[in-house]
Structure formats: structure tokens, C-alpha cells
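Below you'll find the structure, written out as C-alpha cells, and then a few comments.
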Amino acid sequence: QMQPVESGGGLVQAGGSLRLSCTVSISTFSMNIIGWYRQAPGKQRELVATDYGSALTTYADSVKGRFTISRDNAKNMVYLQMNNLKPADTAVYHCNTVPRGAWSWGQGTQVTVSS
């Protein structure tokens, strides 16, 4: 079963940084477009960052300039470096394929930003 395992979340003050990690045990990892999604309480899941491979990345306007997505295909890992965090970034963060979320949705990792 293709279920990602996310880690790296936590409680941080506004302006702080966190680095999230995600791994999934599949042989075709490098062939996927991978994104980081987040879901805040009472809100729909949103895609915040996408890694297309070949160094091409895109970001939601709300995180542009603050978040950086990267991947290490040799390790089946994808990362999300989050800087200058804001209370509005508080959510459970997941990684999955883009656009269809083809992997199972894992537990995610909770990010809480205090003001």
C-alpha cells in the first residue's frame, strides 16, 4: 500500500521555521509529481507546493517566498522547508501525488504556529 509517512511538524512561534519530511516506499517515486498539501480545521485540503522533478516547483500564493519544496529520489524523500511561519499556516500537512492524490492519505504531521 502506498502510504506516505510525514514527519517534522511541531509547535513554533510566528516567524519561526520548520522542515517537514515525507517518505513513501514505492519503486516509482522518481516518476511522480509530488506535492505538499495542508488541511486546517474546518477548511478544505489545499495544495501548497508541487515538485515536478527537473528542478521545477510551484507554490500557492499564500506560501510563495516562504516555503521551499525539494526531493531526494535516491532516498524516496520529499521535504518542505517552511520559513517565516504565520498562524495561518497552522494545519495538518500531507504529501501526495499531484493532481489526484493517488497515494493513500497518511496521518500527516501537525504544524501549529502561535502568534
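Each reported figure results from applying straightforward, stated rules to the coordinates on display, with no laboratory input. Computed from a predicted model, the values in this text were never measured in an experiment. Positions of Cβ are generated from backbone atoms using ideal geometry, with glycine treated the same way; all protein chains shown enter the neighbour counts.
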The longest stretch of the chain containing none of the trypsin sites (Lys or Arg not before Pro) that sit in a DSSP loop with at most 11 other Cβ atoms within 10 Å is 1-42
Share of Cα-Cα pairs in the stretch 1-52 beyond 14 Å, whole percent, is 66
Rounded to one decimal in nm, the spacing of the 7 Å Cα→Cβ label points at Leu11 and Ile33 is 3.8
Cα-Cα pairs in the chain separated by more than 25 Å, as a whole percent of all pairs, come to 14
Filtered hits (aspartates and glutamates, Cα-Cα < 16 Å from Lys43, offset >= 8 within chain) -> Asp89
Output row, site Leu47, 7 Å Cα→C-beta label point, backbone N cut-off 14 Å, window the stretch 97-115, residues 97-103
Measuring from its Cα centre, the chain shows a charge dipole (+1 at each Lys and Arg Cβ, -1 at each Asp and Glu Cβ) which, in debye to the nearest 20, is 80
